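Every read-out reported here was derived from the displayed coordinates using simple, explicitly stated rules and does not represent laboratory data. All values derive from a computational prediction rather than experimental measurement. Note: ideal-geometry Cβ built from the backbone for every residue, glycine included; neighbour counts use all protein chains shown.
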Amino acid sequence: MKLQYILIFAASCVEAAARKVGCSTGEMYRRMKRVGLIHGFIIPGYEALHSQSREHVTEDVLGALRIWEEKQGIVAA
């Protein structure tokens, strides 16, 4: 498992999630970074996530983002 592939996967998760909710990739990255989702969910979950469909991964990532933002008291725009 190479770090390069994991980082490419994480970037594709940011892009797909942004596309799904209709925001920029920069805004989605900031939201994910603010709650620690990339290093706390996407990267550690790479093995389980990358074998799923893009649609399923996107839904999982957005669901986790909503939960993590709620737990931290962050209201998404």
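Just to check, using Stokes-Einstein with a Kirkwood Rh over alpha carbon pairs, what's the diffusion coefficient of the stretch 3-71 at 4 °C and 1.567 mPa s in µm²/s? In µm²/s, the coefficient rounds to 110.
By the rule of a C-alpha distance below 21 Å, with chain neighbours fewer than 8 residues away ignored, the lysines paired with Lys71 are Lys33. Computed from the C-beta positions of Lys33 and Lys71, the FRET efficiency with R₀ = 22 Å rounds to 0.90.
Distance distribution note for the stretch 32-77: the fraction of Cα pairs above 13 angstrom is 54%.
Considering only DSSP states other than H, G, I, E and B, which trypsin sites (Lys or Arg not before Pro) in the chain qualify as loop sites with at most 16 other Cβ atoms within 10 Å? Walk me through the numbers before you get to the answer.
Values: sites: Lys2, Arg19, Lys20, Arg30, Arg31, Lys33, Arg34, Arg54, Arg66, Lys71; in loops: Lys2.
Listed in order of number, the matching sites are Lys2.
Placing dummy labels 7 Å off each Cα toward the beta-carbon, the span from Arg19 to Tyr5 is 2.1 nm.
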